[in-house]
Amino acid sequence: MIFEKKFLRLYAVTDPRPATEESFYKNIEAALTGGATMLQLREKGLSEDALIQKALRVKELCRRRHVPLIINDNAEAAIKSGADGVHVGIHDASVADIRKRAGKGFLIGATAKTVKQAQAAESDGADYLGVGALFPSPTKKDAIRITPGQLREICASVSIPVVAIGGISQENALELKGCGIEGIAVVSAIFLADDIQASARELRRLAEAVAGHGDANGAAQPQKEVSL
């Protein structure tokens with residue numbers, strides 16, 4: 001697929017904690033309806049076969065909304081399920097190896113916490129970077145924190161787009177305005193909200209402002225629908 005940086009505007013990362021399997025998919029649908037522009041399926045405890053089966057169902061939800069589906073960590077599951085790409089951490093499979101295996105058109109996101117890591121990922125063929133954690137994260141309590149200044153340095157050091165992650169919420173998202181990011185990646189502020197659709201809608205407005213497409217209060221300028 002052709003990657004566009006606007007896909008990163010509101011990057012929703014799934015939370016595996018809903019009470020039932022059906023509520024998991026309903027939550028994803030609500031996030032997509034609310035305005036998520038990319039979805040990452042993050043399921044650390046599943047076997048590859050189970051992950052593929054789950055990805056196939058999530059992919060159908062994403063296709064209805066023309067939103068790219070990214071699989072966390074597992075490139076093989078992403079390829080076999082027909083997902084749009086994979087996101088890998090610093091200690092996961094290398095971007096260069098995945099690019100050789102998957103070829104062009106397969107999206108690869110990479111985590112970076114330093115300028116050196118960011119530049120290496122870009123050199124290896126990453127399409128975008130996930131940088132954080134910017135704020136205390138309820139889903140990764142031991143995550144290494146970086147400052148908005150460090151985020152700004154990373155964004156300035158690469159030509160590929162950057163999405164910020166880590167404890168981002170409606171209360172703090174605008175603190176990242178001017179850092180050079182293309183969007184925000186969110187877990188809890190979407191999927192643990194009482195009203196997932198409404199929370200995603202508000203976060204999308206804030207994400208547009210952070211990326212320079214809305215006013216200082218988070219009111220977004222009109223945007224065309226994201227398309228694949």
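The values are calculated or read from the model by the stated rules, or taken from the named source; none is laboratory data. What you are looking at is a predicted structure, and each value in this text was computed from that prediction instead of being measured. Don't worry about glycine lacking a Cβ; one is built from the backbone with ideal geometry, like all the others, and counts go over all protein chains shown.
Listed by first and then second residue, the pairs with beta-carbon distance under 7 Å, at least 6 apart or on different chains, first residue in the range 141-167 and more than 17 Å from residue 211 (Cα to Cα), second of a type in the set (D, E, K, R), are 144/113; 146/113.
Every residue, every condition in (1) at pLDDT below 95; (2) within 20 Å of residue 77 (Cβ to Cβ), yes or no:
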| site | (1), (2) |
| --- | --- |
| 16 | yes, yes |
| 20 | yes, no |
| 32 | no, no |
| 36 | no, no |
| 45 | yes, yes |
| 53 | no, yes |
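Residues of the range 158-179 being surrounded by fewer than 18 Cβ atoms within 10 Å (Cβ to Cβ) and either closer than 20 Å to residue 114 by Cβ or among the β-branched types (Val, Ile, Thr) (or both), which ones? 159, the sole residue that qualifies. Taking the criterion of being assigned to a strand (DSSP E or B) and either within 25 Å of residue 147 (Cα to Cα) or of a type in the set (Val, Ile, Thr) (or both), the residues of the range 100-121 that qualify are 108, 109, 110, 111, 112.
How many residues does the range 31-82 hold that are over 19 Å from residue 4 (Cα atoms), hydrophobic (A, V, I, L, M, F, W, C) and touching a Ser or Thr at 6+ places or on another chain (Cβ under 9 Å)? So the answer is 7.
For residue 120, indicate whether it is crowded, with 21+ Cβ neighbours inside 10 Å, free of Cβ contacts under 8 Å to residues at least 40 places away in the same chain and closer than 22 Å to residue 93 by Cβ. When the stated conditions are applied, residue 120 does not pass them.
Could you check the range 122-176 and list, in sequence order, the residues that are in a helix (DSSP H, G or I), of a type in the set (Asp, Glu) and either within 13 Å of the chain's Cα centre (by Cα) or more than 18 Å from residue 206 (Cβ to Cβ) (or both)?
Looking only at the range 122-176, we keep the residues that are in a helix (DSSP H, G or I), and these are 122-124, 148-157, 173-176.
Then keep just the ones that are of a type in the set (Asp, Glu); that gives 122, 124, 153, 175.
Scanning the range 122-176 gives 122, 124, 153.
Of all the residues in the range 60-99, those that are free of Cβ contacts under 8 Å to residues at least 24 places away in the same chain and outside any helix (DSSP H, G or I) number 6.
When residue 218 is tested against (1) in contact with a helix residue (DSSP H, G or I) (Cβ under 8 Å, 6 or more places away or on another chain); (2) at pLDDT 95 or above; (3) in a loop (DSSP other than H, G, I, E, B), only condition (2) is not met.
Only one entry in 135, 106 is among the aromatic types (Phe, Trp, Tyr), in contact with a helix residue (DSSP H, G or I) (Cβ under 9 Å, 6 or more places away or on another chain) and under 23 Å from residue 74 (Cα atoms), namely 106. Which pairs do you get when a residue that is touching a residue at least 60 places away in the same chain (Cβ under 8 Å), found in the range 1-28, comes within reach of a residue that is of a type in the set (Lys, Arg) and surrounded by 12 or more Cβ atoms within 10 Å (Cβ to Cβ), reach meaning Cβ atoms under 6 angstrom, with the pair 6+ apart or on two chains? Within 6 Å, the pairs are 10/204; 13/42; 14/42. Does residue 32 qualify as being crowded, with 20+ Cβ neighbours inside 10 Å, closer than 23 Å to residue 173 by Cβ and not small (Gly, Ala, Ser)? For residue 32, the condition - crowded, with 20+ Cβ neighbours inside 10 Å, closer than 23 Å to residue 173 by Cβ and not small (Gly, Ala, Ser) - is met. The lone criterion from (1) free of Cβ contacts under 8 Å to residues at least 40 places away in the same chain; (2) small (Gly, Ala, Ser); (3) closer than 15 Å to residue 8 by Cα; (4) crowded, with 21+ Cβ neighbours inside 10 Å left unmet by residue 212 is number (4).
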